[in-house]
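Novice: Pasting a structure here, questions to come.
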């Protein structure tokens, strides 16, 4: 281990790494003592030659080193078995009844560049870093040993791989599967295709929020629900199974709408649910008055807004905030007094207070007063490490539209 190439950091660059952040950018490096191959393990030292840790090196990436440990270890199959085993134990502790969940959440589980999702008896891996790609065989072997899997699928079809010098990869790694699986979430069954679905197949980070939503809904069942960006019907089916009179789902994907309808039928909820293929912005705009001085008639007792991320970088934050304000402004006009708005944002670049400000700006323009009932975050299988801000991205609120007696 002493023969590893050494990456020396510039003065003042070590503190963030010692505190736990695993990314070392090119600008933070003073020099390498000896050349290192891309994907190889290097040791990291501060400007005084004090050992900090070991990590995967990649000169092709803006992130030159991804720190993997703060002690000298052999990065072999045993290493991955220990790390993945620890991550699995955390999920089993906090989500004992879940059969589908994220097993490894990259940096949040000290495995930068690796995501592992478990969908019943199928495992999906997503690799976004060269160091992990080089060790894919050891990772797969560790997963086969730790988890009882029918098959392992790779969904490394993310754009970020090109920044690591890697092509996209998608397919069955081990076992046999056509990718189609029925996933159990909180007692409801959702059909998805793990080879073609969004991300690795489903938005597992909302699993706990589906349950919390259903618990709140049961306190005042009945009424009409609007589920915007409904995807496979996560919130829609939880509302229908918790006492909603009718749920209207909106999604621009014809495939998602068809699958949501099948999911409603397979759970015995088809009569309570209807799904429409439409752009949510256009659909909401079409509900607004077409004539001057014509008033909007509130139609929904509960509205859910769970859009995909509107921003991938800081430069697009202003445009994203305008988008969030627009959908909230129009939604609030369709919400009945005393109704509930459940709204979520999955962008790391928009923190909770900024997201709330966009909602309040919409409420001001709509002349509505909101009472906050609950605050949401990502599930415990998507843990947040405060010293790694990038691990926190999902936030949400349950807001009640106040009415005066």
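Novice: How many angstrom lie between the Cα centre of region 338-362 and the Cα centre of region 173-224?
Specialist: Taking the Cα centre of region 173-224 as reference, the centre of region 338-362 is 23 Å away.
Novice: Let me ask something else about it. Given springs between every Cα pair under 10 Å in a Gaussian network model of the chain, which of 297, 75, 388 has the largest fluctuation?
Specialist: Of 297, 75, 388, the most mobile in the Gaussian network model is 297.
Novice: Rg/Rh for region 182-287: what does it come to with C-alpha atoms and Rh from Kirkwood?
Specialist: Looking at region 182-287, the ratio lands at 0.95.
Novice: Pull out the extension gain between residue 218 and residue 141, defined as 0.36 nm times the separation in residues minus the alpha carbon to alpha carbon distance; nm, one decimal. Present the calculation step by step, with values, prior to reporting the outcome.
Specialist: On the way: separation 77, 0.36 × 77 = 27.72 nm, distance 4.40 nm.
Residue separation times 0.36 nm, minus the Cα-Cα distance, leaves 23.3 nm.
Novice: Can you give the percent of C-alpha pairs in region 356-405 whose distance is more than 15 Å?
Specialist: So the portion of pairs separated by more than 15 Å is 57 percent.
Novice: For region 241-290, what is the convex hull volume of the alpha-carbon atoms per residue, in Å³?
Specialist: 81 Å³
Novice: Would you please calculate the Kirkwood hydrodynamic radius of region 1-131 over all C-alpha pairs and express it in Å, rounded to one decimal? Walk me through the numbers before you get to the answer.
Specialist: Working: mean 1/r = 0.0640 Å⁻¹.
Mean inverse Cα-Cα distance, inverted, gives 15.6 Å.
Novice: Pick from 303, 115, 146: which residue has the top mean-square fluctuation in a GNM of the chain where Cα pairs under 10 Å get a spring?
Specialist: So, out of 303, 115, 146, the one fluctuating most is 146.
Novice: Packing-wise, with mean Cβ within 10 Å as the measure, how do 235-244, 310-319, 339-348, 59-68 rank, highest first?
Specialist: Going from most to least packed, we get 235-244, 339-348, 59-68, 310-319.
Novice: Still on this model: Hey, got the Cα dimensions of region 1-76 along the principal axes, in Å, largest first?
Specialist: Largest first, region 1-76 extends 30, 25, 21 Å along its Cα principal axes.
Novice: Rounded to whole Å and sorted largest first, what semi-axes of the equivalent ellipsoid does the C-alpha gyration tensor of the chain yield via the square root of 5 times each eigenvalue? Provide the component values of the computation, followed by the final result.
Specialist: Working: eigenvalues 357, 126, 60 Å².
In descending order the semi-axes read 42, 25, 17 Å.
Novice: Looking only at Cα atoms, what is the convex hull volume of region 72-142 per residue, in Å³?
Specialist: Dividing the Cα hull volume of region 72-142 by its residues yields 84 Å³.
Novice: Right, another one. Using only alpha carbon positions, build the gyration tensor of region 273-357, then give the equivalent ellipsoid semi-axes as the square roots of 5 times its eigenvalues, largest first, whole angstrom.
Specialist: With the √(5λ) rule applied to region 273-357, the semi-axes are 25, 14, 13 Å.
Novice: Mean-square fluctuation check for the chain, GNM, Cα pairs under 10 Å: which of 226, 321, 332 is largest?
Specialist: It is 321.
Novice: Compute for region 203-401: radius of gyration divided by Kirkwood radius, i.e. Rg/Rh, restricted to C-alpha atoms, rounded to two decimals.
Specialist: Across region 203-401, the Cα-based Rg/Rh ratio is 0.95.
No value in this document is a laboratory result; all are computed from the given coordinates. In this text the structure is predicted, and so the values were computed from the model without any measurement. Neighbour counts are summed over all protein chains in view; Cβ atoms, including those assigned to glycine, are modelled from backbone coordinates with ideal geometry.
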